[in-house]
1. Output yes when any residue across the stretch 410-430 is within 18 Å of residue 93 (Cβ to Cβ), out of contact with any strand residue (DSSP E or B) (no Cβ under 7 Å at 6 or more places or on another chain) and not in a helix (DSSP H, G or I), and no when none is.
2. Inside the stretch 169-254, counting only helices (runs of 4 or more DSSP H) that do not spill past its ends, which hold 3 or more residues that are farther than 20 Å from residue 383 by Cβ?
3. Suppose the filter is at pLDDT 85 or above and under 19 Å from the mean Cα position of the chain (by Cα); does residue 119 pass it?
4. Could you list all residues from the stretch 269-292 that are surrounded by fewer than 22 Cβ atoms within 10 Å (Cβ to Cβ), on the phi < 0 side of the Ramachandran plot and assigned to a loop (DSSP other than H, G, I, E, B)?
5. Quick check on the stretch 132-153. Is at least one of its residues closer than 25 Å to residue 401 by Cβ, touching a residue at least 12 places away in the same chain (Cβ under 8 Å) and touching a helix residue (DSSP H, G or I) at 6+ places or on another chain (Cβ under 6 Å)?
6. One residue is enough: does the stretch 169-183 have a residue meeting the conditions out of contact with any helix residue (DSSP H, G or I) (no Cβ under 7 Å at 6 or more places or on another chain) and within 22 Å of residue 49 (Cα to Cα)?
7. Residue 363 is checked against (1) under 15 Å from residue 110 (Cβ atoms); (2) at pLDDT 80 or above and fails just one. What number does that condition carry?
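The values are calculated or read from the model by the stated rules, or taken from the named source; none is laboratory data. On a predicted model such as this, the values are computed, not experimentally measured, just so you know. Neighbour counts are summed over all protein chains in view; Cβ atoms, including those assigned to glycine, are modelled from backbone coordinates with ideal geometry.
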């Protein structure tokens, strides 16, 4: 299928500034998986969890450089998924684009559910569903203004997360140099290196930690979509992506080193946030409330980003697939926002409070969101395959934003993501969601295969 990128004379408003993109890129590498899930990750394999973060961080960097190279060559694309259609064909493109749109919708629903739970921490008598409706309405309203307001919202959401991480790292540094004692233990880097073992709980636990860390990184590719919303996307895209390795080392590895320097990793409970423990240690008695605030803003940030990206994806799908039923989603507001796409996306996410009100389906909802997360791996794999096709196409620009060593690194990344996906079938917590994702791939794949192809342009 030949894609015509000029099917619409209007394009989304480019209202994001460089400072928005840079901070969104920083905060995009920090998720609730770190704030709430660090304890469980550390309990699986101890200090060697750092190697897991570095390995998956490297795989994600290869993916982002591949996406960045394609977007740099054609910054008019408002979704990197369009390249799957361009280089793999209409049917794979149709499958991956709608799959990605749906999984992000499910993730947004999960984040909204989390927001309701976090607000309930302070307002236990306030109905969770009502707080969910209020937050969704507020973020939808902000997204109707223009992309600048999205950028400002994400800027301050991201700032809160960054301050929390830096506060943790600075606290660890101060405690290390003051030889602070936590019970019978002294705060020191030797807590990490003493009696170090690569597989302290066995090799199976080491590999089990990969899927947990992978979940902390999904949606980092969102930076590619935000770059399309800047007035000068090419230099902004290069800077944002090239700084990601430093950010992974600083925020993820730095935070983990800080946590395991303060407490022996064997003493960190799997079911409690290490951040709460550390802030309580330095005398912040309301540490639980502080971390609740941080994860609340983190979830709100994820929901805000999901609204932004799914709106742009729906607009993109509506322009390139040529279906008349999708024509209304190409309409723009005076602010340059795909307004109908935004409202429809919000309407789907609005189903969340009703799901939350039915206890009988809560487990099913968790299952669906887990399946959605697994499908990110499928998206990543197909994107990298499309990139390999791009490198062999006339569109490839050897003077562009080139991924060094692509012939070696991209196959390694494909192998890495593939092995992580396969590993999901070997652990109890991920087996059922993994099977569910396979069911989705087969069923929607068949629908796509027998769908009558439309030629656009």
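1. No: the stretch 410-430 contains no residue that is within 18 Å of residue 93 (Cβ to Cβ), out of contact with any strand residue (DSSP E or B) (no Cβ under 7 Å at 6 or more places or on another chain) and not in a helix (DSSP H, G or I).
2. Those helices (runs of 4 or more DSSP H) span 190-193, 203-217, 233-242.
3. no
4. 269, 270, 271, 272, 282, 284, 285, 286
5. yes
6. Yes; the residues of the stretch 169-183 include at least one that is out of contact with any helix residue (DSSP H, G or I) (no Cβ under 7 Å at 6 or more places or on another chain) and within 22 Å of residue 49 (Cα to Cα).
7. Among (1) under 15 Å from residue 110 (Cβ atoms); (2) at pLDDT 80 or above, the lone unmet condition for residue 363 is (2).
Residue-wise test of (1) without any contact (Cβ under 8 Å) to a residue 40 or more places away in the chain; (2) more than 30 Å from residue 70 (Cα to Cα).
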{"residue": "86", "(1), (2)": "no, no"}
{"residue": "94", "(1), (2)": "no, no"}
{"residue": "100", "(1), (2)": "no, no"}
{"residue": "110", "(1), (2)": "no, yes"}
{"residue": "122", "(1), (2)": "no, yes"}
{"residue": "163", "(1), (2)": "yes, yes"}
{"residue": "174", "(1), (2)": "yes, yes"}
{"residue": "177", "(1), (2)": "yes, yes"}
{"residue": "185", "(1), (2)": "no, yes"}
